[in-house]
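This structure is in structure tokens; I'll ask about it shortly.
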Amino acid sequence: MTNTSSANEPALAKEPSAAPWITRAAVSEPDGVVVGDAGFHGPPDESGMVEVGYTVVPEYRRQGYGAAPC
């Protein structure tokens, strides 16, 4: 997946080491179409827990893409 979201720029400015945990594009293979995004809301907390978020573009919903990044 590829970095995609500028909405996370404030969090990255505050904690640049969080970059690998931020949103990535979800790309269909083999055609390379971006079908959504997925990622963590930040690095793991003290106990190792992370919060996962994802979005699937409406025209690609109900085709298994939501489960693919997990």
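Taking the range 28-47 on its own, how many of its residues are of a type outside the set (D, E, K, R), within 19 Å of G64 (Cβ to Cβ) and more than 11 Å from the chain's Cα centre (by Cα)? Even if it seems obvious, please write down each step before you answer.
Pass one, the range 28-47, residues of a type outside the set (D, E, K, R): 28, 30, 32-36, 38-44, 47.
Then drop every residue that is not within 19 Å of G64 (Cβ to Cβ), which leaves 28, 30, 32-36, 38-39.
Among the residues that remain, those that are also more than 11 Å from the chain's Cα centre (by Cα) are: 28, 30, 32-35.
Residues flagged as of a type outside the set (D, E, K, R), within 19 Å of G64 (Cβ to Cβ) and more than 11 Å from the chain's Cα centre (by Cα) within the range 28-47 amount to 6.
Could you grab me the full set of residues in the range 24-43 that are open to solvent by less than 20 Å² (accessible area, probe 1.4 Å) and of a type in the set (A, V, I, L, M)?
Within the range 24-43, A25, A26, V35, A38 qualify.
Inside the range 44-64, can you point out the residues that are under 16 Å from G32 (Cα atoms) and either open to solvent by 60 Å² or more (accessible area, probe 1.4 Å) or outside any loop (DSSP other than H, G, I, E, B) (or both)?
Correct list: V56, E59, Y60, Q63.
Just to be sure I understand, how many residues within the range 25-65 are under 25 Å from L12 (Cβ atoms) and in contact with a strand residue (DSSP E or B) (Cβ under 7 Å, 6 or more places away or on another chain)?
19
The values are calculated or read from the model by the stated rules, or taken from the named source; none is laboratory data. In this text, all values refer to a predicted model and were calculated from it rather than measured experimentally. So basically every Cβ, Gly included, is an ideal-geometry build from the backbone, and we count neighbours across all protein chains shown. Remember, those area values only see protein heavy atoms, side chains included, never the ligands or the DNA or RNA. Shrake-Rupley method; radii C 1.70, N 1.55, O 1.52, S 1.80 Å.
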